[in-house]
Each structure stands twice: as structure tokens, then as C-alpha cells.
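Visitor: Let me begin by handing over the structure; questions about it come next.
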Amino acid sequence: MVGAAIAYGLARSGVQILMIDGADGDFRAAAANFGLVWQHGKGLDMPAYQELTRGSVRAWGEFGAELANVTGIDLQLEQNGGLTLCLGEEGYESRRGTLQRLHNQMPDDEPDWEMVDRVVLARMMPDAALGPEVTGASFGREDGQVNPLRLLAALRAGTVRLGGTVRGGTPVRTLRPDGDGYVVEFGDERAHASRVVLAAGLGTKVLAAQVGLDVPIRPLRGQILVTERLESFLPLPTMDVRQTREGTVMIGATHEEVGLDGSTTGAAAALLSHEALRSFPGLADARLVRQWAGLRIMTPDGHPVYETSGTCPGVFVAQCHSGVTLAAFHATDYAAAVASGRLPASLNVFHQRRFDVPQAA
Ligand SMILES: Cc1cc2nc3c(=O)[nH]c(=O)nc-3n(C[C@H](O)[C@H](O)[C@H](O)COP(=O)(O)OP(=O)(O)OC[C@H]3O[C@@H](n4cnc5c(N)ncnc54)[C@H](O)[C@@H]3O)c2cc1C
């Protein structure tokens, strides 16, 4: 998802681009995610991430429209706002406190969220019966949802449509300096490039080590449940439950430290069902038709890593765990930075050296 967005952005600005993708059996969060374009509630303790996410969410409308236009693929983008439901008075106040802290990080910006009580929430979702514990929600006015599989397909198709080349099923094996650029060996081929972007999800670590970078990422499993198609009852996505254009309801997602294990579990299905029913008891009648697991790409603080190699100029790294939300940023500002050959100073804060600070005794 990250690499595809950057590739599309580079192709869009006329850069000759070869996107090399791995095999279908690879861990691929892009094919397992929840599809939220989301910013409210993100960036606590890192205002730069809050700002980055907000910028990307604001750029999404124009970016999505252009991508749909270039490819003819309907991304099913809706940006009418998003809700995080609160359970109990304590849950409501805790959510308000978190969002207020986030606002205090960027006090000059108008808050793009508000707390809505149960009465208002019920008016916003007249066809959804709320569970008795629901006390209200936070409403992020700019948030939304997209079909992530369509997004991925469109980014790839758009890259090709704009003159780029996409190769799949051909993992990069080696990357090394060669003259004024780099030689990349993939499948049984090789290519020469003046610049290389490493955005291979969990596969990035191995590749980055070849150019002197130790990218601190780990997998974090997320499982999702999907119901049969239901009558439309959720006009807005919530953080944990959203209804797709086709009518299925997605319920997600777990956060599990289980290493490189992409399997699904009955325990997760029980937990997700239980939590969803606390918000929307009517789902008790719905049949589950699918369950899957994906591995998030997590850094130690959960925020992105954007950097260039100190020893191998022209090699960029892009890692994050909100690749759908940040797709607009990756396809515009990040791609423009790669095209220019250097990342702007505003992204210095996302360099992995932030993790090198020695721990206080
Ligand atoms: C359960 C779950 C829910 C999520 N929900 C959301 C959400 O609602 N909104 C949001 O914004 N984000 C969400 N995400 C996160 C989002 O899916 C990821 O941020 C995004 O997919 C990361 O993109 P990526 O390209 O870095 O990694 P991936 O999508 O994992 O892709 C990595 C790619 O690199 C390729 N690769 C690996 N090794 C090599 C190699 N050696 N050579 C070439 N290619 C290689 C793989 O084949 C793969 O195609 C969710 C993730 C999960 C797991």
C-alpha cells in the first residue's frame, strides 16, 4: 500500500518508475485492513504525526477523485465523518480527555471533532439500535472510509496508466550501490536506478539492512470479522464497526503481539463479536461469513519511519501503520520529496534515530 502510493505519486509527476512487489503469499497488510481514512484521536505525544495525518486526510478527497478519474476505479470513498463510540460515563470522559490533550498539542487549529451524547448519536444513526452501555461518541468531521482493495488496485493501475512499470511476484533479493545509483536484483532480473524507495512492509527490514539501516519494525496482528450483507443501518463508520457499500459489516480489529503469525483464532472471533454487540446488539442476528488476520507494521512508538540512508544517498525508507489514511500524503508530498532527491526537514522527526535515545537509568 505504501509503496504503491509512492509509485503512483512518482509516475504522476513524470518520474520513470519501476515498482517491484513480492509474492501473494507475503504478509500484506494492504489486503487485510479495515479501510478507514482516519485522523481524529491520532498523534498523541507526537504533534508532527497528528499534523501529518490531518494533512493527508484533508488531501484525500482530491487525491481519491483524481485516482478514480485516472483509473476508472470507484474507490467507494466516503468522508462524511467517523465515530468512536464510548461505553459508560468513564469511557466518554476518557475519550473527551484524550481528544482535548490532542487539541492542546495543536491549540491554534480548530478542533475537527466534537463529543456527541447518546441522544445526538442516536439521531445520527437512526437505523442503528445502540447498546445500553453506549453513552455517546467522539465525531471526527473529516474522517471516512474507503474500499482498501479497490484503493490498492487503483494505485497499481494508476502507476501503469501514467507510464510506470509494475512487477509482481518478484521479491527483491539484493540491493547494492553501483556507480551513480543502485542495482536491484529481483526474481531473475536486475534493474539500475538512481533512487530506491524501500516500502516493503515487514520485508523492509531485511532490505534496509543491506544499505546500513536497522529499521525497528515488528508485526502486530489484527483480526477482522465480516458479516453477511445486511440492510444499510450504519451511515458512518465507527473505529470498530463499519458497513461496506455492499452491505457487509466489518468488525475489527484485534491488537496481538504474536510475531509472524497470520492465523485466525476463535478467541479473537469471540472477543470481537462480544465487543461489537455491546455497541450494536442487533448484530446478534447476523451471520459471520469471513474472518481474517493481517500483520500491522509497527515501530516502537507506533509512528512512521521516513528516512534516507546515511551511507547510501538516494535510498529512502517509508514505513507506517496507517497506509490507507496516509496514501494521499505518500502519493503527493512524500513522492515529491523522493523526486527531488531529499526529504524535507519537516520529516526529520520521523527518522528512526529517535529510537536511539539512551534510556535514563
Ligand atoms: C487488521 C488491520 C487493520 C488496518 N486498518 C487500517 C485502517 O483502517 N486504515 C489505515 O490507514 N491503515 C490500516 N491498516 C494498516 C495498513 O494496512 C498498512 O499501514 C499498510 O498496508 C502498510 O503498507 P505497506 O506497503 O507498508 O505494507 P504491506 O501492505 O504489508 O505490503 C508490503 C508489500 O511488500 C512486499 N514485499 C515484501 N518483501 C518484499 C521484497 N523483498 N521485494 C519486493 N516486495 C516485497 C509484499 O509482497 C507486500 O506487497 C490496518 C492493518 C491491519 C493489519
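Any read-out appearing in this document is the output of simple, stated calculations on the displayed coordinates, not a laboratory observation. What you see is a predicted model, and the numbers here were worked out from it, not measured in a lab. Counting neighbours? That spans all protein chains shown, and the Cβs are built from the backbone with ideal geometry, glycine included.
Visitor: With springs connecting C-alpha atoms under 10 Å apart, model the chain as a Gaussian network and identify which of L52, L230, L102 has the largest mean-square fluctuation.
Guide: Top of the fluctuation ranking is L230.
Visitor: Given q = 0.08, 0.11, 0.14 Å⁻¹, what are the Debye log10 I(q)/I(0) values for the chain, with equal point scatterers placed on the Cα positions and solvent ignored?
Guide: Per q value, in the given order, log10 I(q)/I(0) is -0.41, -0.77, -1.23.
Visitor: Something else now. For the range 122-267, how big is Rg over Rh, using alpha carbon atoms and the Kirkwood form of Rh? Provide the component values of the computation, followed by the final result.
Guide: Numbers: Rg = 21.4 Å, Rh = 19.6 Å.
So for the range 122-267, dividing Rg by the Kirkwood Rh gives 1.09.
Visitor: Over the chain, what is the relative contact order in percent, taking alpha-carbon pairs closer than 8 angstrom and at least six residues apart?
Guide: Relative contact order of the chain: 25 percent.
Visitor: Suppose we keep just the DSSP beta bridges with both residues in the chain; what percent of those would be antiparallel, to 5?
Guide: Counting only bridges with both partners in the chain, antiparallel ones make up about 85 percent.
Visitor: With a Förster radius of 45 Å, plug the Cβ-Cβ distance of D285 and V183 into 1/(1 + (r/R0)^6) and report the FRET value to the nearest 0.05.
Guide: That pair, D285 with V183, gives E of 0.20.
Visitor: Run the simple label-point estimate for S94 and T265 please: 7 Å along Cα→C-beta, distance reported in nm.
Guide: 2.1 nm
Visitor: Rounded, prolate or oblate for the range 218-359? Axes are the square roots of the Cα gyration tensor eigenvalues, ordered a ≥ b ≥ c, and the cut-off for rounded is a/c under 1.5.
Guide: prolate
Visitor: Round to a whole angstrom and tell me the spacing of the C-alpha centers of the range 191-268 and the range 62-80.
Guide: Using only Cα atoms, the two centres lie 21 Å from each other.
Visitor: Between V206 and A339, 0.36 nm times their residue separation minus their Cα-Cα distance comes to what? Could you put the intermediate results ahead of the total?
Guide: Details: separation 133, 0.36 × 133 = 47.88 nm, distance 2.41 nm.
Residue separation times 0.36 nm, minus the Cα-Cα distance, leaves 45.5 nm.
Visitor: For T165 and A48 in one chain, what is 0.36 nm times their gap in residues minus the Cα-Cα distance, to one decimal in nm? Mind dumping the intermediate values first?
Guide: Numbers: separation 117, 0.36 × 117 = 42.12 nm, distance 3.31 nm.
Length difference between fully extended and current span is 38.8 nm.
Visitor: Follow-up. For D26 and V119, what does the FRET efficiency come to when R0 = 56 Å and r is the distance between their Cβ atoms, rounded to the nearest 0.05?
Guide: It comes to 0.75.
Visitor: Mind checking which of G181, Q223, G14 is farthest towards the positive end of the chain's charge dipole, using Cβ charges of +1 (Lys, Arg) and -1 (Asp, Glu) about the Cα centre?
Guide: Working it through, the farthest residue towards the positive pole turns out to be G181.
Visitor: Right, something else. Viscosity 0.890 mPa s, temperature 25 °C: give me the Stokes-Einstein translational D for the range 66-180 in µm²/s, with Rh taken as the Kirkwood radius over C-alpha pairs. Walk me through the intermediate numbers first.
Guide: Working: Rh = 18.1 Å.
Answer from the Stokes-Einstein relation: 135 µm²/s.
Visitor: Along the Cα→Cβ direction, 7 angstrom out, place labels at R245 and E231. What is the inter-label distance in nm?
Guide: 2.3 nm
Visitor: Treating the beta-carbon of each Lys and Arg as +1 and of each Asp and Glu as -1, no other charges, what is the dipole magnitude of the chain about its Cα centre, to the nearest 20 debye?
Guide: Here the size comes out at about 680 debye.
Visitor: On to the next question. Which FRET efficiency value, to the nearest 0.05, do you get for E62 and H255 by plugging their Cβ-Cβ distance into 1/(1 + (r/R0)^6) with R0 = 35 Å?
Guide: My answer for the efficiency is 0.65.
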